[in-house]
Structures are given as C-alpha cells and as structure tokens.
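The structure appears right after this line, and notes come after that.
All of the numbers you see were taken from the coordinates with simple rules; none came from a lab. Quick caveat, the model's predicted, so the values are computed rather than measured. Cβ placement follows ideal geometry from the backbone for every residue including glycine, while neighbour counts extend to all protein chains displayed.
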Amino acid sequence: MAKLSEEVKKAVVECGAALVATASRDGKPNVSAKGTFRVLDDEHVMFADIRSPHTIDNLKENAQVAVICIDQTTRSGCRISGKTEIIDSGPLFDRLSREYAEKKMTLKHVVKVFVEESSTFKM
C-alpha cells in the first residue's frame with residue numbers, strides 16, 4: 001500500500017469530485033462521477049455509493065479501481081489506483097450514513113480504496 005503525498009491529498013480536496021473507473025470481470029468498463037470522493041487517511045481514499053449500481057457491480061467482480069480528479073480552473077489534479085473494499089456496516093458506514101441523511105441522501109455503501117499508486121499532474 002502506498003502513502004498519499006500531501007500534494008495528492010491537496011488535489012483531492014481542491015477538485016472536490018472525481019471520475020472513478022471500474023471494469024467487470026470480463027473487462028466491461030464503467031466510469032462514474034463521484035461528488036463524494038475524499039481522503040480517508042494517509043493510505044486510503046473513499047467515496048459514497050448513493051446511486052452507483054454499475055460501479056458497485058463491477059467492484060464486486062473486480063476490486064481494482066482507477067480514479068482521476070481534475071481541477072478545471074488550474075488544469076491540474078491527481079490520479080489514484082488501488083483495490084477496494086465495499087462497506088455496508090460498521091462505524092465508518094454509520095457516520096457517513098448520518099452525514100448524508102442530513103443532506104437527504106441515502107447511503108448504500110462506502111467504497112474504501114487501498115491506495116497502490118498515486119500522482120499529481122498539470123495539463
């Protein structure tokens with residue numbers, strides 16, 4: 001597992017959203033915008049599954065994920081790849097369920113990404 005650099009963490013915060021790419025066991029791709037993407041700690045990022053049936057289906061078959069965050073104003077961002085864990089109970093799930101309930105959203109899963117690689121970029 002790789003540690004997230006301060007530059008990558010900053011890019012995630014500044015971008016606010018991410019594009020998450022997954023593939024099924026057979027290689028069928030899916031890309032989904034995630035406005036819930038955030039840094040969890042030095043080795044993990046996460047996003048909430050509010051309405052992500054294709055993403056979750058793919059991750060159940062193939063836990064690998066690639067993520068890109070792009071700040072359109074600065075034309076910079078970060079790339080992150082790793083393996084995922086789909087969480088549907090426990091302290092993290094409960095905390096985020098309450099947070100999203102306040103926004104009138106129902107949390108189905110939390111997807112925790114164990115970061116294997118990450119880097120920043122400028123376009």
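Some points to look at:
- Simple rule: put +1 on each Lys or Arg Cβ and -1 on each Asp or Glu Cβ in the chain, find the dipole, and look at Val31, Val45, Asn58; the Cα lying farthest toward the positive end is Val31.
- Student exercise, the chain dipole from Lys, Arg, Asp, Glu Cβ charges, in Debye to nearest 20: 340
- Rg/Rh (Cα only; Kirkwood hydrodynamic radius) as it applies to the chain: 0.95
- Those aspartates and glutamates that a straight Cα-Cα span of less than 18 Å connects to Lys104, excepting residues fewer than 8 apart in one chain: Asp49, Asp94
- Pairs from the table (Lys9/Lys122; Lys9/Lys60; Lys60/Lys112) lying more than 18 angstrom apart at Cα are Lys9/Lys60.
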